[in-house]
Amino acid sequence: MFTTLIKFLTSAIDFGVIFLFGCAGEILTEKSGHLNLGIPGIMCMGAAGGCLGVKLCYLASPAPNAFLVVLMGILFAMLFAAALGAIYGFLTVSLRSNQNVSGLACTIFGVGFTSFFLNNAVLTEGVVAQLSQAGNNFFDAPLPGADSLGWFGSLFLDHGILVYLAIVIAVIAAVVLRYTKAGLSLRAVGESPATADAVGINVTGYKYIAILIGAAIAGLGGLCYVMDYMGGIVGSTVDQTIQGIGWLCIALVIFAMWKPAFAILGSIVFGALYILYPYLNSILMIIDPDFNLPTMTIPLFDIIPYAVTILVLIATSIVGRRETQPPASLGLSYFREDR
Amino acid sequence: MKNTKEPFIHITRREGMPLWKGLLIRAAAVLIALILSDIVISAAAPRSQGFFGFFGALFSGAFGTERRIWLLFQDTFLLLGVAVALVVAFKMKFWNLGGNGQILMGCLACAICLKYLGGKLPDPLVWLIMLVASLAAGALWAVIPAIFKAFFNTNESLFTLMMNYIAMNLVAFFISYWYPNGTATMPPLTEGVLPPLGEGQMGKSLLPILLFAVVTAAIYLYLRFSKHGYEVALIGDSKNTARYAGINVKKVIIRTLILSGALCGLVGFVLTGSVNRMIHDTMDNNMGFTGIMVAWMGNLDPLIMAGVSFFINFLTRGMAQVCTKFGFTSEALSDTVVGLVYFFFIGCEFFIRYRVHFAGRQNKQRGEETPTPPEDGERKRAPLSKDAGEKEAN
Amino acid sequence: MDEYALQLQNISKYFGSVAANRNIDLTLRKGEILSLLGENGSGKTTLMNMISGIYYPDNGRIFVNGEEAHISSPQDAFRYKIGMVHQHFKLIDIFSAAQNIVLGTKGSGLARINEEVKAIAEKYGFEIDPKKKIYDMSVSEKQTVEIVKVLYRGADILILDEPTAVLTPQETEKLFLVMRAMKEDGKSIIIITHKLNEVMAISDRVAVLRKGEYIGCVDTADTDPASLTEMMVGEKITLNISRPEAHAERPLLEIRDLTVNSDEGSHAIEKLNFFIRGGEILGVAGIAGCGQRELCEAIAGLRKIESGGIYHEGESIVGLSPRAISARGVAMSFIPEDRLGMGLAPSMSVTDNMMLKNYQDHGYGIKPLPLSDEDTPEEAKKKNARNRFTEFLNRHCPFVDRKKARAEAERIIKELDIVTPSTETPVRRLSGGNVQKVLLGREILIEPNVLITAYPVRGLDINSSYLIYDILNRQKEAGTGILFIGEDLDVMLALCDKIMVLCHGKMMGVVHAEKTTKEQLGLMMAGALDLEEEKGKPMGVAKDTRIGEDQA
């Protein structure tokens, strides 16, 4: 029972960080006043870029340096994601287009491009197997002591590098937003760009930086799903799965009430909900060995994270506290000369 | 003291660009997007067909056979139906991103009726029950977020977005409940489905085409001339003013979303009851999202939206042919190109709504720069001439 | 060193084809306070926005300390040590005072900001709590934050855009003290205002703008309010608003012990008692935000009341829908600061705005049969029955009657002299004065018996204002009871029959406009004089509008 629970939590963390990347990226973006519905597409782009980065390493040498593989994966994931983020930023910041529509276009493009790119550029010539073995080893490598320290080891040390990276990023984001002048300025831009502009904050600059960094971080979520959680196995529906995860990331932002620190906890909760079915089954089997949750209930379990998000959304809107509300100018474009 | 430079680019808002000019800019943007796609695809394709081969394939994919033409029009009107359903909500500035879910719920309700009533009751009665159930299911999926929006101002875009995935999983649940060991797709249903209206593809396509042409016209009239439509537009423009006019805003939000959702449900009804005659969990074909693009690109005007819907379906169908002809294994290329067209289309709006000035050019062209549409409000209020000012001073 | 801190040469700015500023020259000396005077819409704020980097001029040159400056952003303005305090505060609600003040400045962390802010406040004599959140602050506290913010950035040239509009006379005095302290410190200050007494009290020189053009600049010592007014409006105007004699009629609208909450949940209106008679104008004076909006909304049925009663012609209208209240003949036109927020749909046409309140009652456009005295009882009965039927038909018609609304739009455009290209132009595209005429015109169209009008001349030029006063007086003569919520005490003294003064939602007393003075009103607005408390009933108290113990 206890081991199952530890295993459950470990997996919840492993899966949760995928949400954490997407959510932290979206929080940064939303703090600048931009609701980026392109996050699902951007996370897909991260997966596509990561696969390309890793593949390039293997094309260059049959047994590349582990550090290099991870670095290339991260670098390309961030580059690809930021590229789509840049398009979103250009449309919504410079060209002041509708954010909902621009975001959806980014998702449509990102998901389509990823599917096309993975099928036609990365997964050709039998690289699939190579990628799956390769990625797994390096991205999923646990810290020393993971096996020897019992439940502590498996809960806190038995994770790939990206898991720790996600938590570090979330903590840094929390600190920057709360304790630095840059964070104060970013929040001001999201609350009231006209005010921020009037005190000499470079509104456009902050918006672009927040969108680009946000997109790059979210892109790591796609990389994390493919290389860490899936162990490098790239299926044909990977773009659809990541898209679903991406929408949940946007939901998680609400769940975390725009606070990166809360997002760490929230992402683990979401991760736990997402993988609940198999673990619940095995826990119930301990109580009653003959018990078997029918597989047809799987879709019902899949509903839970979305339903929980809706409940949080309703709860926060009913309570209506000032601290839990979205940035005041979220979704509005800013034009200085508007009268 | 450090001298700052004169800004190089300087942007001002413009209003009332003539329609033809706006259309021209949009057409140019789309053309650039297509040419760009053509060049990249031709360069990367395993079996390139040349610059014009791209456009040839595009047109033959869309119009190549009579069947394709019927399918093109069928999809155009289905998508238009979804877009029109969403416009009803958008006019109120209610961001209904839940089209996918509302369509799927329509499909599900229809499928349940077919499954349990098909062949057991007279067909016309089944059709009626199917229709009512689909409309109700779609409306239900839209009205839940609407109720919370109305009473607690719950963010509707995120709420409706989440509802999509709940609907999708509900459909998946029912399929695995009906076919525990089967695949995710259901064998076609035969009993109780709507009969074709004629021979071949035309017979199958005619129902959605006629139905949604009528629906579009009706919604156009509803929004433009009815008291309800006036209320919807008023709430979209200013909630305070609507309240001041004595409108029960909560009631109108709920009523409008029932209509919006029911129309999406109607699309589901046609998809399951007539076009596909079965159900699976991606049957909405992402029309809920594409419909948003259509509505927005069509300026929320049903007539322009019809054109946009036609163009997007032309592109999707045409690109499928391009993929085959150019030797790509994945059809996802189609989405990529459509996405690119969206980017250009969205981006070009900027040049319709704003005017860009470059440094150094601003002094000389003051005179001819004023917007000159006949309906422009600024024209008649010509700036007071200097003489007038002096006269007053004396 | 140049003697001018700031020089503008030939500055022009256009919005579309409308010139907001045309060929303006202006100078600001070092260490002086310059008043920028002009009516609303004369281009003062636009001009100042160009100095502070919000707008970029289409034409002309700006010199700071004798050197040409290109100010294309607020950052540039700060670099030239120019800081502006805007009329609508640019503060972030959820931040504290100190966070707002340091926002956008260079330098590391946020650890010591509270002490830094305190130091500046002490230097010039401000009172400020650095940790207080903006959303908890009063208007004058927010203004203090704005000024400290500009000083924190080291501004030498300060621009204050109508700083006194939201202050009580006492708060204004305090502000002037601070301004003089800043002047002593060598700062150059431009203050925008249209209050002549303040101009005379605070400034060294006065520059006047009219309709986007520069009229001239004079030393305050060499001028007087009359000649400034002349420069400002172009021709000598008699501040003589006609006041037809009120003929006392029965009370139309009674307010008893009314308590209304604000959006934040505090009492916006507390235990208010008064009534409006037909054929009189009752003014409501008070500084901005002391319950006027909530009072209007409560009467119109837009806001829930906490306790008390509202009676129209003897019947309670509490709990009725806004539409039902409007149908009884209670009309309300409230001009909010942005002019469009309430009462009008900005993107809709003039026509569509016309039918805002009665679109439900019209449809097929069937006109009722006219009744005449010559009808036999039989015929009258028949006609009435038919009219009821057409009314029923029209009400249940699914479509709106745009034809009728268009005719109404054409009528008020003609009668009120509204400048618009057509009846189908969105009201958003009309100028402020015309927007207000559309709003007031529509309210009068329904032939109300009680007209509540808040700030009807806000931002209007003199001529349009007089047109509005005229309309109100005509309504008054027709027997309508008018509640006039205003800003300008001079206008209220001339136009209203009685004036009720509110201070933080409490009634300070009702006085006869003819018998009171501006000073007395100012004291009452500031809460320093409460006629309700005083037993001896000093001069000017209007008893017949307050509900006494005997009537309640």
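Worth a mention:
- Solution diffusion estimate, µm²/s, Stokes-Einstein, segment B:100-156, Kirkwood Rh from C-alpha pairs, 4 °C, viscosity 1.567 mPa s: 106 µm²/s
- A Cβ-based charge dipole, computed about the Cα centre of segment C:304-428 with Lys and Arg at +1 and Asp and Glu at -1, lands at about 440 debye.
- For the cross-link pairs A:Lys181/C:Lys133; C:Lys90/C:Lys211; C:Lys357/C:Lys382, the ones whose C-alpha atoms lie over 19 Å apart are C:Lys90/C:Lys211; C:Lys357/C:Lys382.
- Taking 7 Å steps out from each Cα toward its Cβ at A:Tyr164 and B:Ser226 produces label points 6.3 nm apart.
- Cut-off 19 Å, label 7 Å out along Cα→Cβ of A:Ala86, residues of segment A:8-47 by amide N: A:29, A:38-39, A:41-47
- Mean-position separation - Cα centroids, segment C:86-126 and segment A:7-40, in angstrom: 33 Å
- Placed amide H near C:Ser35: partners under 5 Å, 5+ positions off or other chain: C:Ile191, C:Asp204, C:Arg205, C:Val206, C:Ala207
- Convex hull volume per residue, computed on the Cα atoms of segment C:353-396, equals 73 Å³.
- Amide hydrogen neighbours beyond the local backbone of C:Ile215, cut-off 5 Å, H modeled: C:Val208, C:Leu209, C:Arg210
- Karplus (6.51, -1.76, 1.60) ³J(HN,Hα), θ = phi - 60°, over segment B:75-92, in Hz, Gly and Pro reported as x: 5, 4, 6, 5, 5, 4, x, 5, 4, 5, 4, 6, 4, 3, 6, 4, 4, 8
- Entry for chain C at q = 0.06 Å⁻¹: log10 I(q)/I(0) = -0.35, Debye formula applied to identical alpha-carbon scatterers, no solvent contribution.
- Here the contact order of chain C, divided by its residue count and restricted to Cα pairs under 8 Å and six or more residues apart, works out to 14 percent.
- Net charge over other residues, Cβ less than 10 angstrom from the Cβ of C:Phe399 (K, R count +1; D, E count -1): +2
- For C:Phe15, residues with placed amide H under 5 Å, excluding near neighbours: C:Ala20
- Crossing angle, helix B:19-44 versus chain B [Cα axis fit, 0-90 degrees, rounded to tens]: 60 degrees
- The calculated FRET efficiency for C:Asn387 paired with C:Ile446, based on their beta-carbon distance and R0 = 22 Å, is about 0.75.
- The long axis of helix A:260-274 is offset from the longest Cα principal axis of chain A by roughly 40 degrees.
- Segment C:4-233, relative contact order [Cα under 8 Å, separation at least 6], %: 29 percent
- Estimated distance in nm for a label pair at C:Asp490 and A:Ser236, the labels positioned 7 Å out from Cα along Cα-to-Cβ: 8.3 nm
- Rounded to 10°, Cα long-axis angle of helix C:402-415 versus longest principal axis of chain C: 60 degrees
- Dipole of segment B:195-308, positive end: most advanced residue of B:Gly200, B:Ala218, B:Ile279 [Cβ charges, Cα centre]: B:Ala218
- For the protein assembly as shown, convex hull volume per residue from C-alpha positions, Å³: 225 Å³
- Residue by residue, segment B:210-222 carries 3J(HN,Hα) couplings of 5, 4, 7, 5, 5, 4, 4, 5, 5, 5, 4, 5, 4 Hz when phi is fed to the Karplus relation 6.51 cos²θ - 1.76 cosθ + 1.60 (θ = phi - 60°); x denotes Gly or Pro.
- Of B:Trp20, B:Trp296, B:Trp178, the sequence from fewest to most neighbouring Cβ atoms within 10 angstrom is B:Trp20, B:Trp178, B:Trp296.
- Among the listed pairs C:Lys367/C:Lys498; C:Lys13/C:Lys187; C:Lys106/C:Lys132; C:Lys81/C:Lys174; C:Lys44/C:Lys142; B:Lys250/C:Lys381, those beyond 31 Å (Cα-Cα): C:Lys367/C:Lys498; B:Lys250/C:Lys381
- Within the protein assembly as shown, antiparallel bridges make up roughly 60 percent of the DSSP beta bridges whose residues both belong there.
- Restraint check, C:Lys404/C:Lys476; B:Lys115/B:Lys227; B:Lys251/C:Lys414, Cα-Cα greater than 29 Å: B:Lys115/B:Lys227; B:Lys251/C:Lys414
- Dipole magnitude for the protein assembly as shown: about 1880 debye, using +1 per Lys or Arg Cβ and -1 per Asp or Glu Cβ, origin at the Cα centre.
- In terms of other Cβ atoms within 10 Å, B:Met17, A:Met43, A:Met78, C:Met492 run from fewest to most in the order B:Met17, C:Met492, A:Met78, A:Met43.
- Coarse-grained scattering of segment A:2-338 at q = 0.06, 0.10, 0.12 Å⁻¹, given as base-10 log I(q)/I(0) from a Debye sum over alpha-carbon atoms: -0.21, -0.59, -0.84
- Centroid-to-centroid separation of segment A:274-308 and segment B:9-42 [C-alpha atoms, Å]: 51 Å
- Largest first and in whole Å, the equivalent-ellipsoid semi-axes of segment B:68-326 read 30, 22, 17, each the square root of five times a Cα gyration tensor eigenvalue.
- A full extension of the chain between C:Asn23 and C:Lys174 corresponds to an added length of 50.8 nm, given 0.36 nm per residue minus the alpha carbon distance.
- Of C:Arg328, A:Arg96, the sequence from fewest to most neighbouring Cβ atoms within 10 angstrom is C:Arg328, A:Arg96.
- Taking a ≥ b ≥ c as the square roots of the eigenvalues of the alpha-carbon gyration tensor, segment C:4-233 is classed prolate because a/c is 1.5 or more and a/b outweighs b/c.
- Pairwise centroid distance, computed over Cα atoms, of segment A:171-220 with segment A:46-77, Å: 30 Å
- Model label points for C:Lys133 and A:Ala194, set 7 angstrom from Cα along the Cα-to-Cβ axis, are 2.2 nm apart.
- Whole-Hz Karplus values for segment C:89-95 come out as 4, 9, 10, 8, 4, 8, 8 Hz, taken residue by residue from phi with 6.51 cos²θ - 1.76 cosθ + 1.60 and θ = phi - 60°; glycine and proline positions read x.
We did not get these values from a lab; they are worked out from the coordinates using the rules stated. Every value quoted in this text rests on a predicted model; they were computed, and no experiment measured them. A quick note on method: Cβ atoms are made from the backbone with ideal geometry, for glycine too, and the neighbour counts reach across all protein chains shown.
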